Every structure is written in structure tokens, then in C-alpha cells.
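The values are calculated or read from the model by the stated rules, or taken from the named source; none is laboratory data. Quick caveat: nothing in here was measured; it's all calculated off a predicted structure. With ideal geometry, Cβ positions are generated from the backbone for all residues, glycine too; neighbour counts draw on all protein chains shown. Note: areas computed on protein heavy atoms with side chains; ligands, DNA, RNA excluded. Shrake-Rupley method; radii C 1.70, N 1.55, O 1.52, S 1.80 Å.
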Amino acid sequence: MEGKIISHLKFLLKSTNAHGVHSPFVFQYVTQCLYAGKKMHRDKSINVLLKSIAHFKANSIHMDPNPSLEKTVKEMFPNVHFDTKPADVIYTDRLDNTRFEKLLSKGTMHNDSMILVEGIHQNEKKMEDWKTLIASPKITVSIDMFHCGAVFIRKEQVKEHFTIRI
């Protein structure tokens, strides 16, 4: 527990809001998605997932098996398809470089896919996996939101990392 508190304090010291974002893509995502509209779910990670599906007009979702979350997504977005490739949004609670490379090689992602990783500050292992993952040259945009993290492989974008309070 103490590690998570220290991790959260470090996060708060490094984090910013939309005004600290210089990327038009990320600024638009933060202001028009994360900070806009009403809360869609009480869990922060699931709230980010649901708002992101709406913002990016996602048609295809890939997620770790979670029947209750799939049901929630289907109720809010009845036209969304699960596990079709490539996916517009990928939601997982575990993502290291090996799994990321597997998703890439299997054609699970496209240039505008978003991968949302739940609980990146949950423990030391997940924090290390996150740091290693965002160092990958294939990932151009990463956003640490403490409760979850988002990565993008946008080839047209300069590599940047953001720490955003939500």
C-alpha cells in the first residue's frame, strides 16, 4: 500500500492538465474526451475506456475476457464488435513488450489504435512493464493517467509521453 501512495505522490508532482499538453492530438483527446461530458462509469479506468470508445468512434474492441465489462460496453455501444481485427481500442490489465509485439504481429492494431492498460501503478512489476513499454520506438504517444495508461502507434506523430491528471 505504501508503494502505491508514494507512486501516486510522484505522479501528482509530474502530472499536468490539458494546459501542459503541446500535442494537438493529445490536447484534443484530453479536452474533448477525458475532461468533457459526464462520467460514464464510477471506475476511472472503465470511464476512460467508455469515453474513448465514444470519442474515437470505435467499432472494434479487443479486451481480456471480462463478461461484465463486455456487457457494459455492449449496452452503451450496441454496434461495437469484439475481437475483430484490427481493433480500434484494446483494453487490458497486462501489457509488456512481448505481448505488445504479439498484438502487432497478429494484426490486432492499426495506426490509429488505442491500447488502454489498466492499473499501471498497481505494483512494481506493472510500473516496470509500463516504463519498458513506453520506451519502445514503435510507441509514439503514451499517456500516464495513474489509474490507467494509453499508448498509440501513430506513425505520423513525434514520440512524446504525457502524465495527465483525470
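Could you tell me which residue of the range 73-97 is farthest from the chain's Cα centre (by Cα), considering only residues that are of a type in the set (V, I, T) and modelled with pLDDT of 90 or more?
Across the range 73-97, the extreme among qualifying residues is V80.
Being under 28 Å from K125 (Cα atoms), modelled with pLDDT of 90 or more and surrounded by 15 or more Cβ atoms within 10 Å (Cβ to Cβ), is that true of even one residue in the range 32-42?
Checked the range 32-42: at least one residue is under 28 Å from K125 (Cα atoms), modelled with pLDDT of 90 or more and surrounded by 15 or more Cβ atoms within 10 Å (Cβ to Cβ).
So which of S68, S113 ends up being within 16 Å of F25 (Cα to Cα) and small (G, A, S)?
Unique residue meeting the criteria: S113.
Is there a residue in the range 112-131 that is among the β-branched types (V, I, T) and more than 11 Å from the chain's Cα centre (by Cα)?
no
How many residues are touching a Ser or Thr at 6+ places or on another chain (Cβ under 8 Å) and part of a helix (DSSP H, G or I) if we restrict to the range 35-52?
2
Kindly provide the set of residues from the range 78-122 that are surrounded by 14 or more Cβ atoms within 10 Å (Cβ to Cβ), over 16 Å from D144 (Cα atoms) and of a type in the set (D, E), ordered by number.
D88, D112
Looking at the structure I just gave you, is K57 modelled with pLDDT of 90 or more, open to solvent by 60 Å² or more (accessible area, probe 1.4 Å), among the basic types (K, R) and more than 13 Å from the chain's Cα centre (by Cα)?
Judged against the criteria, K57 is a match.
Here is a list of conditions, (1) free of Cβ contacts under 8 Å to residues at least 12 places away in the same chain; (2) polar (S, T, N, Q); (3) touching a strand residue (DSSP E or B) at 6+ places or on another chain (Cβ under 6 Å), and S45 meets all of them except one; can you say which number that is?
It is condition (1) that S45 fails.
Take residues that are touching a residue at least 60 places away in the same chain (Cβ under 8 Å) and tell me which of the strands (runs of 3 or more DSSP E) falling wholly in the range 53-154 contain 1 or more.
The qualifying strands (runs of 3 or more DSSP E) are 109-118, 141-144, 148-152.
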